[in-house]
Each structure stands twice: as structure tokens, then as C-alpha cells.
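All of the numbers you see were taken from the coordinates with simple rules; none came from a lab. No experiment lies behind these values; they were computed from the predicted model shown. Because the Cβ atoms are built from the backbone with ideal geometry, glycine has one as well, and the counts that use them run over all protein chains shown.
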Amino acid sequence: MPFQLDDYDVAILKALMKDGRKSFRQISRETGITTPTVRARFERLINVGFIKSVSPVFDFGVVEENIFENKGQIRNEKQGKPQHMQQLRDANSRIKKGMKIKLDCEFCKGPIAGYLHVFKFANYERFFCCTGCMSGYKQKYAGRIESIVRKFEGKE
Ligand SMILES: [Zn+2]
């Protein structure tokens, strides 16, 4: 089965849609989901490639206009906000529990159709179609994984 959003994922995504600056603790208070779970879910949504980035939203309406500026350019800047609002509305209606996210196996690169095998190390997660691919990956990248984990644990 592919990775599917559940109620927690949906609640966290909706909280972030309202304001992407929220801390894990703020999202936890708002949704009633524990802070470590919020963090883990957020990281997973990044790891599966669904959250691409959390980026600022600009309001060019507050920019002081230079009257000597090219009028066409100003018009283009003003379109930024409605486009963003449209994107938010689309996302808001599409993000639902059970929404499936397509994942390819990190090792054989084939689509993951059956049970999802997850290998978690440091703040990374890698997804595999079978235990064979997972152990193949662990073997191939053992040195790299070990050094990432060492660095991560030193930082915590
Ligand atoms: Zn595989």
C-alpha cells in the first residue's frame, strides 16, 4: 500500500497552510497531537516529497510604488497574491485523509505497490518495496549512513 495521509497528517498540513511559520509546539497545541509526533509527521511529509518547501508569501500591495517604474511590471507583481490564494484553496480541498502519495523504492527505483518498508536514520527516512531492497541499501550505503547518524547524534 502506498503512503496515505491520515487525520494527523491532514491536521498538521491544514495548520501549516494557515501559517507556515508555526513551530512544532504551536501546531501541537492547536491540533492536540504531541510535539514529537508533529515533528515526525512533518519530516515524513518532506521525506515522501509532498511538502516541497515552506516559503514566505509576499504581499506586494504593501510595497511603495515607484511612479517612474514600468506599469506592466507593477501589474504582474500584484497578481502574486490571488495566485497564491487559489493554490491554497485547491490544496485545502484536495488534502484529505487517505490521499495517496506515490513512492518509488529507493533501491530498485520501482514503484512501491505493496507494504511500505521504512528505514529511519537520523532525521531521514528511506522507503523500500521489500526487505531485500532495504537491506541492499543499508549495505551499499553503510558508511554514509553511519557518519550521518554520528553527526546527528552529536548535535542532539
Ligand atoms: Zn525495491
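Here are the numbers for this structure:
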| item | result |
| --- | --- |
| Folded to 0 to 90 degrees: helix 142-155 orientation relative to the chain principal axis, Cα | 60 degrees |
| Angle in degrees between helix 35-47 and the longest Cα principal axis of the chain, rounded to the nearest 10 | 90 degrees |
| Between 0 and 90°, nearest 10: helix 80-94 axis offset from the chain longest Cα axis | 40 degrees |
| Proxy reagent accessibility, fewest Cβ within 10 Å first, across F3, F60 | F60, F3 |
| Under Karplus coefficients 6.51, -1.76 and 1.60, residue-wise ³J(HN,Hα) of segment 17-27 in Hz, glycine/proline x | 5, 6, 6, x, 7, 4, 7, 4, 5, 5, 5 |
| Ellipsoid semi-axes in whole angstrom, largest first, where each is sqrt(5λ) of the Cα gyration tensor of the chain | 37, 19, 18 |
| Derived scalar couplings ³J(HN,Hα) [segment 127-136; Karplus, 6.51 cos²θ - 1.76 cosθ + 1.60; whole Hz; x for Gly, Pro] | 10, 9, 7, 7, 5, x, 5, 5, 6, x |
| Candidates V38, V48, V118: whichever shows maximal mean-square fluctuation once the chain is modelled as a Gaussian network with Cα springs under 10 Å | V118 |
| Sorted by Cβ density within 10 Å, fewest first, the residues C129, C108 | C108, C129 |
| Net length gained if the chain between V10 and V54 were fully extended (0.36 nm per residue, minus Cα distance) | 14.2 nm |
| Cross-link table K22/K52; K96/K155; K14/K100; K14/K138; K100/K151; K97/K120, entries beyond 26 Å C-alpha to C-alpha | K96/K155; K14/K138; K100/K151 |
